[in-house]
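Read through the structure below, which is laid out as structure tokens, and then see the notes.
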Amino acid sequence: MQRIEPRPEAQTSPSQGYSNGPEGASGRGQAPVPTGFASTGANPHTQSFEEIYGVPENFLEIEVIDPQTHQPTASPSSRYTTYLIRLSTNIPAFKLRRSEVRRRYSDFEVFRDLLERESARVSIPPLPGKVYLNRFDDAVIEERRRGLERFLRIVAGHPLLQTGSRVLGGFVQGKFDRKQGAMIGSL
């Protein structure tokens, strides 16, 4: 059994920003270990606060929020719930940097079906299940909202769908014709 000795205190070379233990300083073949945050380039450096906390090169924030139940006629069967999709991004595949659209669950079903048809190489995640009893209960609506948000984050965050889908941008940012299952104003 090999005995492992604790590391001795490291010495820092201020000119290089590297920490060299006695082995590295004596030239026994060990590479110097960078201190602080190192970049992935040939010349490691300590990152600035702007690099650490600044706006990322590419970002995509998508939320499904503010469920609202509507009843357009006196008939109880005409009730439905819509969800606000709020998107903020700097990814070039999306037409708008910020957008908000309202969709109902049946719109998500049509959208998912269209995605499956056009994207044979991508496995499309399932939607939250259909609810038949108590579907307008606050807890049921909130559970469905979380499931729809999870679904959209996976789909909108997929690089192949961002660049190859004809329906993604239209669904999260454009107008949607539910009867024809077509996107108006898509990418």
Shape call for the range 78-152, from the Cα gyration tensor axes a ≥ b ≥ c (a/c under 1.5 means rounded, otherwise prolate when a/b beats b/c, else oblate), comes out oblate
Distance from the Cα centre of the range 96-120 to that of the range 66-89, in angstrom? 15
Translational diffusion coefficient of the range 85-125 at 37 °C, 0.692 mPa s, Stokes-Einstein with Kirkwood Rh over Cα pairs, in µm²/s as a whole number. 274
At 7 Å along Cα-to-Cβ for each site, give me the label-to-label distance between residue 132 and residue 68 in nm. 3.1
Debye log10 I(q)/I(0) for the range 56-187, one point scatterer per Cα, at q = 0.12, 0.16, 0.21 Å⁻¹: -0.46, -0.80, -1.33
Calculate the spin-label point distance for residue 154 paired with residue 61, positioning each point 7 Å from the Cα along the beta-carbon direction, and give it in nanometres. 2.4
Is the shape of the range 47-89 rounded, prolate or oblate, going by the alpha carbon gyration tensor and its root eigenvalues a ≥ b ≥ c, with a/c under 1.5 for rounded and a/b larger than b/c for prolate? prolate
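No value in this document is a laboratory result; all are computed from the given coordinates. Computed from a predicted model, the values in this text were never measured in an experiment. Every residue, glycine among them, receives a Cβ derived from its backbone with ideal geometry; neighbour counts consider all protein chains shown.
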